[in-house]
Amino acid sequence: MSHVVLSAKGVVKRFGGVQALRGVDFELKVGEIHALLGENGAGKSTLMNLLSGVNTPDEGEIFIDGKPARFHSPRDAQAAGIATIFQELDLVPSLTVAANLFLGRELVHRHGMLDGKAMLQEARKRLEAIDRSIDPTQFVSELSIGQRQVVAIVKALSYASRALIMDEPTAALTVGEVDRLFDIMRGLASSGVGIVYISHRLEEVPQIAHRVTVMRDGKVAGVTKPDAPQAELVQLLVGRPLNELYPRRAHSVGDVLLRMRQASFRPHRASPGWQAPIKVDLDVRSGEIVGLAGVMGAGRTELLSALYGTGVPGQWHGDITIGGRPTRLKSIAAARRAGLAFVTDDRRGAGLMLRMSVGLNLVMSIIRWISPRGFMSARRQEDAIKSSFGQFDIRPKNPGIAVGALSGGNQQKVVLAKEVLGNPRLLLLDEPTRGVDVGAKGEIYARLRKLASEGLGILVASSEMPELIGLCDRIVVLRNGSSVAEFSGGVDEHEVLAAANGREA
Ligand SMILES: Nc1ncnc2c1ncn2[C@@H]1O[C@H](COP(=O)(O)OP(=O)(O)OP(=O)(O)O)[C@@H](O)[C@H]1O
Ligand SMILES: [Mg+2]
């Protein structure tokens, strides 16, 4: 296991004034699963873009099988057997799953006609290896973020004859899916494929990796074994020891902000794979952080988006009161008026204007909701931007930079910051720390706790059980759209999992 399949030597990459990589050496051996760790903005995605032909280095070189590689596009890299799963998925939502899997490499009959049947059959076979819930004839736009991630993985696997580079592939997956993905990765590796695995989930490292490279500030901070103690990894990652990840829970909570009793949402049109909320009982008090647990497909995202008026069109039935008043949540505007704000699990669709500056993205959202005439003094704008940068540690500290040029985790911080700026009473969060590094996660948790102590109510869905348990005062478990159990924070993980899966603990 010593042959090096893919490597980078002394690579430097600059974007305008930002030096994303400052002389990085990296090597991937045949059959190796190599974890690549680092804080948000450390340069992981940039390195992977060089290895996969998306960008070329300003200095230094990429080698494949020891020979200098001249990739001019991802296609060149693919032709060389290097497959990539990008952090922001590159699927076409308006096409079916099968069409996406074969995009650009369609199967044809002998006469050159597209062989739809063969593609469908093949697609079904490949999908079933990981996730049976996805139908290849479905449109990608109908899939949840987690399901889309699975499709991107299945697609990349078919190219990966020499190397597979995965940028946070498990960020949106459930435990079961992660297990299946790991099995597939182990199979690929034992057949000789080298795998670069980028993740913020440190607990995955010893399970799956053979070797670990940690990046910091555009450089390699260290190469180590996967069974290194977590504290050592964290120290390499953030350059300092970390204290408690989770803040202390609140002592007192206030009045009930959101009260749902037997609340069901009926979509105007049935939509496959969309689990409507059914007979949900749920309270969120002022000052309280309430978690939503459940397996993928349990209806967590659907509940949040239906409350906010974004999911599929439809109507709520049953009792919903907000701040003691019966409320009809018919539209986003109605939800905003009632004091709700929502951070979706879909960064791309979350209303970030990628070409516009971070500062503009932050203030545009509040101008839109606060001032109907679209006016806000330059001074107030600056204050708002400054407070967002401080509260959420957005990096680099430059509001003039385009949002699209931020690292994935930092884009997520902007999404959070801009919702908080609107001063909501009740904040709905769907996977708020996806793609955020451990250090920044701790800061976000502390920030959320602080907001709660100032009276905000927070309802947060997460597929990371330790996050729900560590952060929340209470956890409500959803199954098939309904609330089926409730626990107080600090509960044992297995109890919650059992309820989510409909088993005895
Ligand atoms: N197209 C770009 N234009 C300008 N700056 C960029 C561009 N792409 C990346 N950068 C900058 O390069 C640095 C490294 O970013 P990169 O995306 O590689 O980080 P990362 O390690 O993948 O972080 P994350 O864990 O948040 O995804 C960041 O400071 C980022 O803002
Ligand atoms: Mg990245």
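The values are calculated or read from the model by the stated rules, or taken from the named source; none is laboratory data. Predicted model only: the values in this text are computed from it and were never measured. No Cβ is skipped: glycine too gets one built from the backbone with ideal geometry, and neighbour counts run over all protein chains shown. Protein only, heavy atoms only, side chains kept; ligands, DNA and RNA dropped before computing areas. Shrake-Rupley method; radii C 1.70, N 1.55, O 1.52, S 1.80 Å.
Relative to the longest principal axis of the Cα atoms of the chain, the long axis of helix 116-128 makes an angle of roughly 70 degrees. THR301 contributes about 50 Å² of solvent-accessible surface, heavy atoms of the protein only, 1.4 Å probe. Solvent-accessible surface of protein heavy atoms, probed at 1.4 angstrom with all chains present, puts ILE469, ILE198 in the order ILE469, ILE198, largest first.
Sorting ARG110, ARG337 by accessible area puts them as ARG110, ARG337; the probe is 1.4 Å, largest comes first, and only protein heavy atoms count. Under the convention that each Lys and Arg Cβ holds +1 and each Asp and Glu Cβ holds -1, the size of the dipole of segment 347-487 around its Cα centre is about 520 debye. Within the shell of other residues whose beta carbon sits under 12 angstrom from the beta carbon of ALA250, the net charge comes to +3, with Lys and Arg scored +1 and Asp and Glu -1. Counting lysine pairs in segment 4-244 whose alpha carbons fall under 14 angstrom apart, excluding pairs fewer than 8 residues apart on the same chain, gives 7.
In this rough spin-label picture, where each label sits 7 Å from Cα along the Cβ direction, the SER453-ALA498 distance is 3.5 nm. Looking at segment 4-244 alone, DSSP beta bridges between its own residues are antiparallel in about 55 percent of cases. GLU204 contributes an accessible area of around 10 Å² to the protein surface, as traced by a 1.4 Å probe with all chains present. Fully extending the segment from ARG75 to SER331 would add 87.8 nm, taking 0.36 nm per residue of separation and subtracting the current Cα-Cα distance.
Among beta bridges identified by DSSP and lying wholly in the chain, the antiparallel ones come to about 55 percent. Full extension of the segment from PHE15 to SER191, taken as 0.36 nm per residue of separation minus the current Cα-Cα distance, would add 59.6 nm. Only lysines eight or more places from LYS386 in sequence, or on another chain, were considered; those with a Cα closer than 26 Å are LYS397, LYS413, LYS418, LYS441, LYS450.
Heavy-atom surface analysis with a 1.4 Å probe gives the chain a carbon and sulfur content of 50 percent of its accessible area.
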